[in-house]
Amino acid sequence: ELQLVQSGGGSVQAGGSLTLNCSASGFGIGAADMGWYRQVPGKDCELVSTITENGVTEYGDSVKGRVSVSKDRDKNTLYLQMNTLRPEDTAVYYCAADLGTAVVPVSPCNIVGPYEYNYWGQGTQVTVSS
């Protein structure tokens with residue numbers, strides 16, 4: 001089935017690095033706009049990064065210069081490389097895919113444009129300790 005399965009979360013010390021993975025099945029990520037978002041319980045999701053079908057990237061202000069998003073089309077996997085992590089980066093991180101279809105997802109985040117995400121990963125916890 002079409003799904004996104006995340007891995008790579010965990011606990012790190014402040015200043016450390018972590019790579020998150022988002023493995024897609026049932027569709028090719030090369031044909032999708034993809035995104036990373038993070039959420040603290042009781043709070044709205046925050047944009048981390050997006051990458052278009054054509055590889056154009058955007059980053060949220062809070063993570064600019066510290067994270068990098070990429071696609072491995074051969075492995076059909078989306079990555080988020082995070083460096084110089086801070087305690088305020090602690091959150092549940094979600095990946096998402098916009099396939100341009102009419103599928104309405106069970107979404108952990110309320111996202112208003114420009115993307116209409118059809119699929120979300122299950123989320124993975126990132127904890128950064130001081």
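The values are calculated or read from the model by the stated rules, or taken from the named source; none is laboratory data. Being a predicted model, the structure only gives us computed values, none of them experimental. Cβ coordinates were reconstructed from backbone atoms using ideal geometry, including for glycine residues, and neighbour counts include every protein chain displayed. Protein only, heavy atoms only, side chains kept; ligands, DNA and RNA dropped before computing areas. Shrake-Rupley method; radii C 1.70, N 1.55, O 1.52, S 1.80 Å.
Hey, among Y93, Y117, which residue is in a strand (DSSP E or B) and either surrounded by 15 or more Cβ atoms within 10 Å (Cβ to Cβ) or charged (D, E, K, R) (or both)? Give the steps one after another, and end with the answer.
Values: Y117 fails: in a strand (DSSP E or B).
Answer to the selection: Y93.
Return the only residue of T77, T50, T57, T101 being free of Cβ contacts under 8 Å to residues at least 40 places away in the same chain and within 16 Å of W120 (Cβ to Cβ). Spell out the reasoning first.
Values: T77 fails: free of Cβ contacts under 8 Å to residues at least 40 places away in the same chain; T50 fails: free of Cβ contacts under 8 Å to residues at least 40 places away in the same chain; T57 fails: within 16 Å of W120 (Cβ to Cβ).
Within the list T77, T50, T57, T101, the selection yields T101.
Condition first: loosely packed, with under 15 Cβ neighbours inside 10 Å, of a type outside the set (D, E) and within 18 Å of R86 (Cα to Cα). Now tell me which residues in the range 44-73 satisfy that.
Hits for the range 44-73 are S62, K64, G65.
Between residues in the range 116-129 that are farther than 12 Å from V106 by Cα and among the hydroxyl-bearing types (S, T, Y) and residues that are open to solvent by 40 Å² or more (accessible area, probe 1.4 Å) and not in a loop (DSSP other than H, G, I, E, B), which pairs lie under 8 Å by C-beta distance while being six or more apart or on different chains?
T124/S7; T127/S11; S129/S11; S129/Q13; S129/P87
Quick check on N83: is it closer than 16 Å to S25 by Cα and surrounded by fewer than 18 Cβ atoms within 10 Å (Cβ to Cβ)? Give the derivation first.
Working: closer than 16 Å to S25 by Cα: no; surrounded by fewer than 18 Cβ atoms within 10 Å (Cβ to Cβ): yes.
Taking the combined requirement at face value, the residue does not satisfy it.
How about the range 17-37: which of its residues are over 17 Å from T57 (Cα atoms) and open to solvent by less than 20 Å² (accessible area, probe 1.4 Å)?
A24 - this is the single residue of the range 17-37 that is over 17 Å from T57 (Cα atoms) and open to solvent by less than 20 Å² (accessible area, probe 1.4 Å).
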